[in-house]
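This report refers to the structure that appears directly beneath it.
None of the figures in this text is laboratory data; all of them are computed from the coordinates on show. These numbers come from a predicted model, not from an experiment. As a convention, Cβ positions derive from the backbone with ideal geometry for all residues, glycine included, and neighbour counts pool all protein chains shown.
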Amino acid sequence: MSETDRGLELPAAALAGLAASTPWLASARQRVALALRGGRLPHGLLLYGSPGGGQTPLAWWIAQLLFCRQQGLEPCGQCDDCVLFSAGTHPDLHWVGREDKATVIKVEQVRELSVSLTSKSFRGGYRVGIIDPVDTMNTNSYNAFLKTLEEPGERLALILVAQRTERIPATIQSRCQRVYVPRPPMDEALRWLRSTESADTDWPAYLEDCGGAPFAAIEAASAGEPVGPEMEAQLFDSRTTPDPMTLAQAWSKDRPAARLQWLELRLQRAIREQGEMSDQVNNNPSGRLKNSAAGRNIRGSFGLLDEVRRARQLEAGPANPLLLWENLLVGFLPATGQGTRRGDR
Ligand SMILES: [Zn+2]
């Protein structure tokens, strides 16, 4: 699954069009548009939120709005600049993302972007630079970019797209206006997916795979069947006794990142539910149920959650995927059935 919506897979016009149709981006769109038309739009924007919520499409929508000659609150789609944008050939748009399978944006890319942003506007309007995802840059890249952000020059807009802002240095963040991209409520996400994509896809399953992020759900649906139902049956149903080695073989090759994400979300939910159960137990006036299985299970689940999070970090790097899954599942499987939980030991 791509980590930032569909930044690399869809043409600019399609991304901007998707952003225009999403109800949960409406207030962000309006805020940016009003600031732009009121002459209050800062030259740096930092769009952030959970992956697949829509910050990438929003970035492209804002770029089109900046170019649009009609100067309305939405891109007109008709003017020469909108036409150039839609064709993917607007000369004043500069975009940097991860190349091919790289996990980070490289410093050379950032330097090239900085150089191209020093040129004058070809169309006489805004020049726009998009960096997506900006939170995969390293210190050298941030330093290479800082000067552009500090001295942007005339009519330059820099749109930075991120999942998490804590990795981005304060020197960068303090020069940008932050725009949070929320995830929609489940029913809104479902309505939108059914109306803009297909009506008969199992969107609830895909949304659950992706923590409720609609653009991630679209991506997941194009990759194959939802991963959640199978993993639920294998790992959380006490009637099955799965073989960790066989599962590791299969899962390390089939959408491992999506599976790890699902596992993290599933454990978080288990911890929430166990917490509620434990509260009920502790509020029991007889007191006899205190320190029951519920409380111990929470500790076990926290241990598993830590392991899954570690695996997610390793998975993004050069780790051996088969080994990573074997380690994870060997520790995981005995803990999910009726037996001892690993965190108890
Ligand atoms: Zn236009």
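Share of Cα-Cα pairs in the range 117-176 beyond 14 Å, in percent? Kindly include the intermediate steps, with their values, before the conclusion.
Working: 979 of 1770 pairs.
Percentage above 14 Å: 55.
Test of understanding: in a Gaussian network model of the chain with alpha carbons linked when under 10 Å, which of ALA205, ALA102, ALA216 would top the mean-square fluctuation ranking?
ALA102
Add -39500 (n - 2.57) for each DSSP H run of 4 or more in the chain, then divide by its residues: what number comes out at 222 nm, to the nearest 500 deg cm²/dmol? Don't skip to the answer; put the middle values down first.
On the way: 15 runs with 179 residues, N = 345.
That calculation yields -16000 deg cm²/dmol at 222 nm.
Out of every Cα-Cα pair in the range 12-182, what percent are more than 29 Å apart?
Numbers: 1691 of 14535 pairs.
Value for the range 12-182: 12 percent of Cα pairs lie more than 29 Å apart.
Take the chain, mark every one of the GluC sites (Glu not before Pro) that falls in a DSSP loop and has at most 10 other Cβ within 10 Å, then report the longest stretch left between them, sites excluded. Can you show the working numbers first?
On the way: sites that count: GLU154, GLU166.
Counting only loop sites that pass the neighbour cut-off, the longest clear stretch is 167-345.
For the chain, report the translational diffusion coefficient in µm²/s to the nearest whole number, using Stokes-Einstein at 25 °C, 0.890 mPa s, and a Kirkwood Rh over Cα pairs. Display every interim value, and only then the final one.
On the way: Rh = 22.2 Å.
In µm²/s, the coefficient rounds to 111.
How high is the FRET efficiency between ASN143 and ARG31 when r is their beta carbon distance and R₀ equals 25 Å, given to the nearest 0.05? Before the final figure, lay out the partial values.
On the way: r = 30 Å, r/R0 = 1.21.
Here the calculated transfer efficiency is 0.25.
On a full-extension model of 0.36 nm per residue, what is the gain between LEU322 and THR201, subtracting their alpha-carbon distance, rounded to one decimal in nm? Please report the intermediate quantities before stating the final value.
Details: separation 121, 0.36 × 121 = 43.56 nm, distance 3.08 nm.
Stretched out fully, the LEU322 to THR201 stretch lengthens by 40.5 nm.
Please give me, ordered by residue number, the trypsin sites (Lys or Arg not before Pro) of the range 194-266 that lie in loop per DSSP and have at most 13 other Cβ atoms within 10 Å.
Numbers: sites: ARG194, ARG239, LYS253, ARG259, ARG266; in loops: ARG239, LYS253.
Loop-located and lightly packed - ARG239, LYS253.
List the trypsin sites (Lys or Arg not before Pro) within the range 54-107 that DSSP assigns to loop and that have no more than 11 neighbouring Cβ atoms inside 10 Å.
Working: sites: ARG69, ARG98, LYS101, LYS106; in loops: ARG69, ARG98, LYS101, LYS106.
Hits after loop and neighbour filter: LYS101.
Please work out the Cα center distance from the range 14-50 to the range 131-153, rounded to the nearest Å.
Between the Cα centres of the range 14-50 and the range 131-153 lies a distance of 21 Å.
Assuming 0.36 nm per residue, please report the length gained on full extension of the stretch PHE122 to GLU166 beyond their Cα-Cα distance. Write out the running numbers ahead of the final one.
Working: separation 44, 0.36 × 44 = 15.84 nm, distance 3.54 nm.
Length difference between fully extended and current span is 12.3 nm.
From Cα pairs below 8 angstrom and at least 6 apart in sequence, can you work out the relative contact order of the chain, rounded to a whole percent? Intermediate results must be reported in sequence, preceding the final value.
Details: 519 pairs, mean separation 60.3, N = 345.
Computed over the chain, the figure is 17 percent.
Please give the helix 186-196 orientation as an angle from the longest Cα principal axis of the chain, in degrees from 0 to 90, rounded to the nearest 10.
Once rounded, one gets 50 degrees.
Can you sort ILE218, ILE271 so the residue with the fewest Cβ neighbours within 10 Å comes first? List each step's numbers first, then the result.
Details: ILE218 23, ILE271 18.
Ordered from fewest to most neighbouring Cβ atoms within 10 Å, ILE218, ILE271 come out as ILE271, ILE218.
How compact and how long is the range 122-234, expressed as Rg and Dmax of its alpha-carbon atoms in Å?
When restricted to the Cα atoms of the range 122-234, Rg and Dmax are 18.9, 59 Å.
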